[in-house]
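Here's the structure, in structure tokens; my notes come after.
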Amino acid sequence: MTESAGQTSRSRYIIILAALVIVVAGMQAASTLLVPFLLAIFFAIICAPPFLWLQRQGVPTWLALVVIIIGITAILFGLGSVIRSSVIGFSDNLPIYQELLQERISGIEAWLAEMGVSASRMLNEQLDTSKLMAYAGNLLSGLGDVLSNAFLILLTVIFILLEVSSFPKKLRAVSGDAETSLQQIRLAVESVKQYMGIKTLTSILTGVLITLGLWLIDVDYPLLWGLLAFLLNYVPNIGSLLAAVPAVLMSLIQFGTGAMILVVILYLLVNNIVGNLLEPRIMGRGLGLSTLVVFVSLVFWGWILGPVGMLLSVPLTMTAKIIFENHDDTRWIAVLLGSGAEFEEKKPRRGFLKSG
């Protein structure tokens, strides 16, 4: 009897694992459709509070929606214009930049040779100019590809916002336990909304400071590199590092190692002040996620959904954690995803502002 129960339990876990593999494979195969849809959901989460506020002030639904859509369109159009013009200019000058970069590297080799260090082979292997400049170009092109779905994203946001006010009524009509489901949805939306709102503010500050710093140093395309710092600030752990690479290369090409060191210091100062001092103070107690889980989620969602998956890795993982912790069968997964701080406090806390 016990052996039969054990086999049944093992079979159940095997079926769950197989279903999980199928779901993950399906998400990866459908990433072209999922990426704009997920972006639309998170845009809608950010836009829902001002949309509902306008409605509470007596503004007609259609007019409130028009105001929100105009705002989103202006932001997307501005981002698209900056990226498009910068990518065109950067691509046109790519051969020149590549040649200048090779000259800078040759100068570094000569300086090291004078110091008695033979680093020619190492620099040629590790600092392949064509690969470095191709990386910078691909990074910019990737941003353009995301914005190419702007119309689909905008259209989806419109329909989601139109459903915001009526969704609770529909859920109550079809569900016998609607209040529990609504509470779970509210908790997930509130956590994601607060995280996205705070992260957006700190990302804007990061982008502005980087833009001003690069403009003062006189590095080409400061607005573009500031925009890149703003966008990649959403990527935990490695986003700030990736954002710094093109600007550091550009400063090396234009002015040499002195300016490059200044740019490196600029990025270190901005990311440490905003990311390590200011952001934790605003967010309170943290994300409620293990540091290891944050990094693994970055790799996992990036593998499934590409660059957008990396941008949304933390909100997606936070949402999954909230869903898991509200069901007895999956609560253990939420515990593993958590930071463990809840075990150090007497009162259980929920939500990323109150745990972690």
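Across the range 59-66, in residue order, what do the Karplus-derived ³J(HN,Hα) couplings come to in whole Hz, using 6.51 cos²θ - 1.76 cosθ + 1.60 with θ = phi - 60° and x for Gly and Pro?
The phi angles translate into 6, x, 4, 5, 6, 4, 5, 4 Hz.
I'd like to compare 77-85, 328-336, 247-255, 38-46: which one has the highest average count of other Cβ atoms within 10 Å, and what's the full order after that?
The packing order, highest mean first, is 247-255, 38-46, 77-85, 328-336.
Between TRP53 and GLN183, what length comes free when the chain is fully extended (0.36 nm per residue of separation minus the Cα-Cα distance, one decimal in nm)?
That pair, TRP53 and GLN183, stretches by 44.8 nm at full extension.
Extending each Cα 7 Å along its Cβ direction at LEU268 and PHE37, get the distance between those two points in nm, one decimal.
Label-label distance for LEU268 and PHE37, simple model: 4.5 nm.
Using each residue's phi in the range 270-280, evaluate 6.51 cos²θ - 1.76 cosθ + 1.60 at θ = phi - 60° and report the 3J(HN,Hα) Karplus result to the nearest Hz, with x for Gly and Pro.
So the Karplus estimates, Gly and Pro as x, are 4, 5, 6, 5, 6, x, 9, 10, 6, 4, x Hz.
Applying the Karplus parametrisation 6.51 cos²θ - 1.76 cosθ + 1.60 with θ = phi - 60° to the phi angles of the range 207-216, what ³J(HN,Hα) value in whole Hz is obtained for each residue in order, glycine and proline being reported as x?
Each residue of the range 207-216 in turn: x, 5, 5, 5, 4, 4, x, 5, 5, 5 Hz.
List every residue whose amide H lies under 5 Å from the amide H of ASN233, counting only residues 5 or more places away in sequence or on a different chain, with H placed 1.01 Å from N in the peptide plane.
Those qualifying (amide H under 5 Å, at least 5 residues apart or on another chain) number zero.
For the range 18-99, report the convex hull volume of the alpha-carbon atoms normalised per residue, in Å³, without decimals.
Hull volume over Cα atoms, normalised by residue count, gives 156 Å³.
Compute and list, largest first, the equivalent-ellipsoid semi-axes of the range 249-339 from the alpha carbon gyration tensor, each √(5λ) rounded to a whole angstrom. Before the final figure, lay out each step's value.
Values: eigenvalues 258, 56, 15 Å².
The answer is 36, 17, 9 Å, longest axis first.
Read-outs: derived from the displayed coordinates by stated rules, not from any lab. Predicted model, so just to flag it, every value in this text is computed and none were measured. Positions of Cβ are backbone-derived with ideal geometry, glycine not excepted, and every protein chain shown enters the neighbour counts.
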